[in-house]
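The values are calculated or read from the model by the stated rules, or taken from the named source; none is laboratory data. None of the values given here were measured: they were computed from a predicted structure. Positions of Cβ are backbone-derived with ideal geometry, glycine not excepted, and every protein chain shown enters the neighbour counts.
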Amino acid sequence: MEYLTTLVVMGAWMEQAGLGAGGMRAAIVAALPRLRRFCQAMAGNSVDGDDLMQATVERALSRSGQFEPGTRLDSWMFRIAQNLHIDGARAAKRRGTAVDVDALHSLAGSDGRELVEGRSQLAAAQRALQALPDDQRVVFVLVVIEGRSYRDTAEVLDLPIGTVMSRLARARGRIAEALGETRESNKDAAR
Amino acid sequence: MTLSREERLAAWLDGELTGAELTAFEAELGSDPDLAALAQEWQGNDSLMTAAFAPVAEAPIDPAMLERLGLVEPPAPIAANDNSPWWQRHALPLGGALAASLVAVLLVAPRSGGDARDPLSQALDRTPSLAQADLPDGRKITPMLTAQAADGRWCRAFGDGKDVAMACRDDKGAWIIEAKGKGSAPADNAEFAVASGADDAALDAAQARLKLADPLDATAEQALIAKEWGGHSSK
């Protein structure tokens, strides 16, 4: 909660002092670890996730005037990231880019920081998330991984709460299937 | 709004059910083993997903990434073709024929009448940058620059043909070595060679730690030597 307080206080401070760029930069740096996780979860691997994060930060800095002081900066950045991700996914579809699922899996968590066990856990989680369509994935990531309320999530995504609820239920159903498959294949491999 | 069983389960897991809805759902959970089993499965999956992604938000964002993102001020721009640290770009010309022409030799010997300080301190007190001083132990040192530390002390970088070092003058007139690094091989004319190949890391670290100001130019340095480093006793 300390984190949230920091962001809200920073927002108010920026508004009061009219501090534009410098304060905005500091607030973005504070939000970066969560933004990075959000982007990696949306993009499906750490490399594309960091690219998405970079594009998000660039856009946030170039459109800092559109941020409403006093609101949560991280929510605003999640929304930017989600829009960029959807745009990117559409563009990839138009280009007919095939997604190499094995490459994604080997890339997931490939930054060497995680232990092998943590990496395979993250890879399994990424696999399950990638089994979701984008609109379910973003709701699941915001509510379950980022711990946002339904109301927050509905605001970030500009959706009715009812839509958030139905997507979450469907997302959890699919996640259960995907994780179930992983467990089955692990059992097969152990045999 | 009528919610499906799965939607109510999801909302319960997320702590979004309240009041009568919450009471009713928990009663349903108690009487429906299938629903209870599903609740347990989803709850386990949520924990697994959350735990798997937790380290991603805990990993530090490295400075290079912050710079790439435009979130830190980039280091001060350096003139083209000049990647040397500041202490090699100082106000005094160094290296080549120009430096050679400036080299003068001073002999620093213990004076009768008792400057009790060590010969190195005496040499650093009196030798202008780029001049060479012979120490009684046979070393030849060449100060390279003079700059003031944030704490007010005067500091000098110097070399002995083998190593480079940074020393700062304490209020008793003793020059205390703050950092040492490997210098380049001595040039054949015994001129101290600093222009290339020197191990700068140690001196760079020292200059950062001491927060050295820009080096003095030759005139200011000469004046400082003349007034014996700001009037502190050197006797």
Just for helices (runs of 4 or more DSSP H) wholly inside region B:63-159: which have at least 1 residues that are at negative phi and modelled with pLDDT under 50?
B:96-102
For A:Leu132: the one exception among (1) over 12 Å from B:Ala10 (Cβ atoms); (2) among the hydrophobic types (A, V, I, L, M, F, W, C); (3) facing chain B (nearest Cβ under 9 Å):
(3)
Taking region A:31-50 and keeping residues out of contact with any helix residue (DSSP H, G or I) (no Cβ under 6 Å at 6 or more places or on another chain) and either within 16 Å of B:Leu71 (Cβ to Cβ) or of a type in the set (S, T, N, Q) (or both) leaves A:Leu32, A:Asp50
Conditions (1) surrounded by fewer than 22 Cβ atoms within 10 Å (Cβ to Cβ); (2) more than 13 Å from chain B (Cβ to nearest Cβ); (3) at pLDDT 90 or above -> A:Gln82 fails only (1)
Please work out which one of (1) over 19 Å from B:Ile61 (Cβ atoms); (2) at pLDDT 90 or above; (3) surrounded by fewer than 19 Cβ atoms within 10 Å (Cβ to Cβ) is the condition A:Ala55 fails and give its number.
(1)
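Per-residue answers, yes or no, for (1) farther than 19 Å from A:Met165 by Cα; (2) more than 10 Å from chain A (Cβ to nearest Cβ):
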residue	(1), (2)
B:Ala10	no, no
B:Leu13	no, no
B:Thr18	no, yes
B:Gly30	yes, yes
B:Asp34	yes, yes
B:Ala52	yes, no
Cβ-Cβ distance below 6 Å, separation of 6 or more or different chains: which pairs start in region A:53-67 with a residue that is under 13 Å from A:Ala31 (Cα atoms) and in the same structural domain as A:Cys39 (by TED's automatic domain parsing) and end on one that is buried (at least 18 other Cβ atoms within 10 Å of the Cβ) and among the basic types (Lys, Arg)?
A:Met53/A:Arg36
Considering only region B:16-31, I want to know if a residue exists there that is touching a Lys or Arg at 6+ places or on another chain (Cβ under 6 Å), more than 16 Å from A:Leu179 (Cβ to Cβ) and modelled with pLDDT of 95 or more.
yes
Test: B:Ala206 is within 24 Å of B:Asp118 (Cα to Cα), part of a helix (DSSP H, G or I) and modelled with pLDDT under 90
yes
